[in-house]
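The values are calculated or read from the model by the stated rules, or taken from the named source; none is laboratory data. These figures come from a predicted structure and were not determined experimentally. Here the Cβ positions follow ideal geometry from the backbone for every residue, glycine too, while neighbour counts run over all protein chains shown. What goes into the accessible areas is simple: the full protein's heavy atoms, side chains included, and nothing from ligands, DNA or RNA. Shrake-Rupley method; radii C 1.70, N 1.55, O 1.52, S 1.80 Å.
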Amino acid sequence: MAERLAEQASEAVLGANPFVGIDARQVAADTVGWAGRMALRPRALAGEAAGIARELGRIAAGRSLVTPAPGDKRFGDPTWQENPAFRRLLQSYLTLTAGAHRLVDQADLEPLGRERAHFAVTLIADALAPTNSPASNPAAVKRAFETAGRSLVRGTRQLSHDLRHNGGMPALVDERPFTVGGNIATSPGAVVYRNEVLELIQYRPSTETVHERPLVVIPPQINKFYVLDLAPGRSFTEYAVSQGIPYFAISWRNPTAEQRSWGLDTYVRACVRAIDAVVAITGSPQVNLMGLCAGGVTLSALLGHLAAKGKLDRVASATLCVAMLDMRSPSMIGLFATDSAIARALRRSRERGILDGGEMARVFAWMRPNDLVWNYWVNNYLLGADPPAFDILFWNADNTRLPARLHADFLDLYLRNPLPRNGAARVLGTPIDLGAVDIPTYVLAGTSDHIVPWQAAYRSTQIFGGRPEFVLSSSGHIQSIVNPPGNPKASYFHGGRTGDDPDAWLAGATHSKGSWWEHWADWLGRHSGERRPAPSRLGGRRHAPGTAAPGRYVLQR
């Protein structure tokens, strides 16, 4: 059970947090609008009611063929099929839920209103699922019988704890087995540069020779950097170092209200300082850059700024992982980005000085309630079990904050969509033209990424100049990145012609088993220069190694 929970949740972890939130008023208004429209369509309402009544009759007679969708794992217990009473309960629930969604489709709402009404129906239907009740969940009934009721007592204690200490949300992860720097984020290295915004960590080489050009990783500001340095064997950092890549990673400070004025300019300027330090340490006039998620947006702004200043020759290549630059692309976030929701989100962060990561996590959980709420309701409270101990979920729960100014800047990028348009965005006073960024780019997306759909990530190949390489990894937003060699489920598409149409690219791409890490390491090696003896010590004359990796900023709460 815990392994399945961890796998499902890791597909839906926070990643690119929703900066807006759910506009409950708009969702409610759309739901009322749907109900009003259906009241004006009595024939459609009566027809659907008659159809539901006929199906309920077949269910009562034991002749219904209604079954859960193939991906619906709530009803995996064989009791749902083998026990007549539970089977009828399941079929009745599915029939009523499907009928409600059909009524939404018949209401002739505008597209976004229809999607929000579907969302409201899904919220209600998921909450009312028979699996969420201790009396109608066969696994919970059996567990209570086997433990003489102790499972329900323990579940009640855990519910009480979460009501007091977790905002009423079920815990997604058992954090007790993990310690940052102890058994997670353990790759050896040291902080070689620190300012008020970031720490720059240099990792110790593990090969006798390394490439000339170093890699600098820019993580998202909305999560901590060590998603690339999880447990040994699952660490991208460890793997990249083993390929002879001189590896540097940025670790952002976790801001408070005192840093409310830090915006995108602040973070781009800090990246420039970090690159200066890497150049001084390695002696290489060029670096390779990698940006993840919101860090990919920061990386793109940095590249546009360097191009405008005539300094793009400092960068040999850029890798963007699960990043969306063209905000016109449909995504989960766009469904909730109403004018009123955006205005309230900006007002909240402006008043507080920050956008709190825990608040973002709760919003995101209700965007995927079965994966991130009700699964854990059943596991933690009905079965009385501990949540899974899984490194990605531990990382996801290690929340950070966004300064109010950066929050506003990200929302501005969403609203105006300036990055694809020459000169529409300005960073550090310079107009941004990503078409002038004519360096090799490696763009990674995930096949089942619901935060940044792969077609949205693909758009970056049409925005940058230069020679794009697009790779589509199996799995979702975070699992597509944390996808080490040796994973039997891993595969990726690569090698298609990057024209305007992402589906045409996919049709012409090669499907390979294994991890994109190996493909990327080969690609980056071609842009990293010759090999030379690995340095015997970290840092340099003006950048002495200090705090051991993973540094101090990553420990800030």
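General observations
- Compactness of the range 168-260 as Cα Rg over 2.2 N^0.38 Å, two decimals: 1.22
- Euclidean distance between Cα centres, the range 487-506 to the range 384-423, Å: 26
- Selection of trypsin sites (Lys or Arg not before Pro), the range 35-69, meeting DSSP coil and at most 15 other Cβ within 10 Å: Arg63
- Of the cross-linked pairs Lys311/Lys513; Lys224/Lys489; Lys224/Lys513; Lys73/Lys513, those separated by over 28 Å at the C-alpha level are Lys311/Lys513; Lys224/Lys513.
- For the range 180-315, the share of accessible area belonging to carbon and sulfur comes to 46 percent (1.4 Å probe, ligands and nucleic acids excluded).
- Euclidean distance of C-alpha centroids, the range 284-326 and the range 49-108, integer Å: 50
- Estimated purely from DSSP H runs of n ≥ 4, each contributing -39500 (n - 2.57), the mean residue ellipticity at 222 nm for the chain is -12500 deg cm²/dmol once divided by its residues.
- Residue-normalised convex hull volume from the C-alpha trace of the range 83-231: 265 Å³ per residue.
- If the chain linking Arg537 and Thr256 were pulled fully straight, counting 0.36 nm for each residue of separation and taking away their Cα-Cα distance, it would gain 97.7 nm.
- Considering the range 346-478, its Cα convex hull presents a mean projected area of 10.6 nm².
- Qualifying GluC sites (Glu not before Pro) in the range 121-228, DSSP loop, other Cβ atoms within 10 Å at most 16: Glu175, Glu196, Glu208, Glu212
- When the trypsin sites (Lys or Arg not before Pro) in the range 439-524 are filtered for DSSP coil states and for at most 13 other beta-carbon atoms within 10 Å of their beta-carbon, the remaining sites are Lys489, Arg497.
- Per-pair calculated FRET efficiency, R0 = 35 Å: Ile124 and Gln81 via Cβ, rounded to 0.05: 0.90
- Amide H contacts of Tyr193 (H built 1.01 Å from N, under 5 Å, at least 5 apart or other chain): Leu200
- Debye-sum result for the chain in log10 I(q)/I(0), which assumes one identical scatterer on each alpha carbon, at q = 0.09, 0.11 Å⁻¹: -0.73, -1.05
- FRET efficiency, Arg102 to Asn183 (Cβ-Cβ, R0 60 Å, nearest 0.05): 0.75
- Kirkwood Rh, angstrom, the range 187-226 [1 / mean 1/r, Cα pairs]: 12.0
- Rounded if a/c under 1.5, otherwise prolate or oblate - the range 278-401, Cα gyration tensor axes: prolate
- Amide H partners (placed H, <5 Å) of Gly539, local residues excluded: none
- Gyration tensor over alpha-carbon atoms, the range 113-168, equivalent ellipsoid semi-axes in Å: 29, 17, 5
- With 0.36 nm allotted per residue and the present C-alpha distance subtracted, the Ala504-Thr147 stretch has 122.9 nm of extension available.
- Ligands, DNA and RNA left out, the accessible area of the range 374-500 computed with a 1.4 Å probe is 49% carbon and sulfur.
- Assigned charges on the beta-carbon of Lys, Arg, Asp, Glu; the chain dipole about Cα centre (debye): 820
- Accessible-area order (highest first, 1.4 angstrom probe) of the listed residues Ile59, Ile354: Ile354, Ile59
- In summary, the convex hull built on the alpha carbon positions of the range 397-467 has an orientation-averaged projected area of 6.5 nm².
- The C-alpha atoms of the range 439-557 occupy a region whose extents along the principal axes are 51, 38, 30 Å, arranged from largest to smallest.
- In percent, rounded to a whole number, the relative contact order of the chain is 22, using alpha-carbon pairs under 8 Å and six or more apart.
- In this simple spin-label approximation, Arg526 and Asp339 carry label points 7 Å from Cα along the Cα→Cβ vector, and these lie 4.9 nm apart.
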